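These notes are about the structure you will find just below.
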Amino acid sequence: MAGTGSKQITAGQGNGLPRHIAIIMDGNGRWAQKRGLPRTAGHAAGAETFRRIASYCRDLGVEYLTVYAFSTENWKRSAEEVSAIMGLLKKYLEEAIRKMRRENVRIRVLGDLTPLSPELRELIARVEAIDETLETHTQANLCVNYGGRDEIVHAVRAWQADPCHGELTEEELSRYLYTAGMPDPDLVIRPSGEERISNFLLWQSAYAEFYFTDTLWPDFTEKDMDAAIAAYRSRDRRYGGVKK
Ligand code: IPE
Ligand code: IPE
Ligand code: MG
């Protein structure tokens with residue numbers, strides 16, 4: 001579970017299952033538009049898909065699931081859309097406080113949380129306090145006001161400000177990322193047909209396998225996850241070496 005830390009050059013699980021899956025939950029707006037619904041309805045449907053896929057990953061034995069919920073760039077959207085997304089996050093956190101002991105999944109929120117409302121930050125603190133008490137092998141990371149570049153700048157600043165910092169190496173800097181102590185993602189999934197990284201896990205996905213599908217996130221099912229994992233299993237991860 002959590003705590004391998006530092007630079008992860010080889011990863012995955014012995015059984016071919018990714019240890020860490022990351023998802024760019026994209027396509028909510030288009031899903032809603034196709035149905036003549038407001039974009040916010042797409043975000044609500046996407047939040048349901050996240051609940052379902054997170055349970056599925058836990059049942060499969062995936063140790064870490066990291067999802068991109070709101071980027072540092074998503075503030076460009078209308079106030080109405082931003083506030084709907086923050087409302088869904090609030091609902092999810094309140095539900096987590098009630099259910100996470102039973103579900104036995106640790107929840108972390110990764111990103112620069114300073115611009116979030118005090119109410120949301122308080123809920124995040126309560127969820128993370130429950131985290132400490134769970135004995136589990138499953139962790140869900142929600143990336144909120146997350147940007148890969150922002151994370152690296154934040155890490156460098158934190159390293160600089162730490163009077164106990166060590167010499168600056170890759171391992172050392174990793175200790176100051178939001179993902180400190182977690183293994184790098186083995187598999188990054190992006191639904192919705194877009195094939196770009198959009199500032200997600202820039203440092204951590206150095207050797208991740210990528211899987212793209214045209215399915216819009218609210219339509220993403222357990223079968224799509226199976227297909228992504230099957231694709232991952234067929235990949236030959238060489239990490240810059242030569243196939244034996
Ligand atoms: C992803 O869906 C959710 C967020 C970025 C918050 P989008 O809202 O980007 O959906 P599309 O890409 O417009 O369809
Ligand atoms: C990435 O999706 C961010 C999230 C899914 C939270 P976007 O929809 O914001 O990315 P672009 O604009 O298509 O690159
Ligand atoms: Mg999008």
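Some observations on this one:
- For segment 66-135, the relative contact order works out to 35 percent when only alpha carbon pairs closer than 8 Å and six or more residues apart are counted.
- For the chain, a Gaussian network of Cα nodes joined below 10 Å ranks Glu119, Glu171, Glu222 by mean-square fluctuation, and the top entry is Glu119.
- Of all accessible heavy-atom area on segment 137-244, the percent that carbon and sulfur account for (1.4 Å): 51
- Other-chain or far-sequence residues with amide H under 5 Å of Leu187's (modelled H): His20, Ala22, Glu209
- Per residue, the accessible area of segment 28-169 comes to 51 Å² when a 1.4 Å probe rolls over the protein heavy atoms.
- Residues Cys164, Cys143, sorted by accessible area with the largest first, give Cys164, Cys143 [1.4 Å probe; ligands and nucleic acids excluded].
- The per residue volume of the convex hull around the alpha-carbon atoms of segment 181-222 is 94 Å³.
- Annotation: Arg237 carries an accessible surface of approximately 50 Å², with a 1.4 Å probe and no ligand, DNA or RNA atoms counted.
- The accessible area of Phe50, taken with all protein chains in place and a 1.4 Å probe, comes to roughly 10 Å².
- Residue-level accessible surface for Tyr207, protein heavy atoms, 1.4 Å, Å²: 110
- Between Glu195 and Arg30, the simple spin-label model (points 7 angstrom out along Cα→Cβ) gives 1.3 nm.
- Counting only DSSP H runs of at least 4 residues, each contributing -39500 (n - 2.57), and dividing by the residue count of the chain, the helix-based mean residue ellipticity at 222 nm comes to -13000 deg cm²/dmol.
- Here the chain is treated with +1 on each Lys and Arg Cβ and -1 on each Asp and Glu Cβ, and its dipole about the Cα centre works out to around 520 debye.
- The chain, relative contact order [Cα under 8 Å, separation at least 6], %: 31
- Karplus 3J(HN,Hα) series, Hz, for segment 202-219 with 6.51 cos²θ - 1.76 cosθ + 1.60 (x for Gly, Pro): 4, 6, 6, 8, 3, 10, 6, 8, 10, 9, 10, 9, 6, 3, 7, 3, x, 8
- Most mobile of Thr221, Thr114, Thr66 in a GNM of the chain (Cα contacts under 10 Å): Thr114
- Estimated vicinal HN-Hα couplings, Hz - segment 31-38 in sequence order (Karplus 6.51, -1.76, 1.60; Gly, Pro = x): 4, 5, 4, 4, 9, x, 9, x
- Converting phi to 3J(HN,Hα) with the Karplus coefficients 6.51, -1.76 and 1.60 and the offset θ = phi - 60°, segment 166-176 yields x, 5, 6, 10, 4, 4, 5, 5, 4, 5, 10 Hz in sequence order, with x at every glycine or proline.
- Projecting the Cα atoms of Leu88, Leu113, Ser55 onto the charge dipole of segment 52-113, computed from C-beta unit charges around the Cα centre, puts Ser55 farthest toward the positive end.
The values are calculated or read from the model by the stated rules, or taken from the named source; none is laboratory data. What you see is a predicted model, and the numbers here were worked out from it, not measured in a lab. Glycine also receives a Cβ, built like all others from the backbone with ideal geometry; neighbour counts cover every protein chain displayed. Quick note on the areas: whole protein, heavy atoms, side chains included, nothing else; ligands and nucleic acids left out. Shrake-Rupley method; radii C 1.70, N 1.55, O 1.52, S 1.80 Å.
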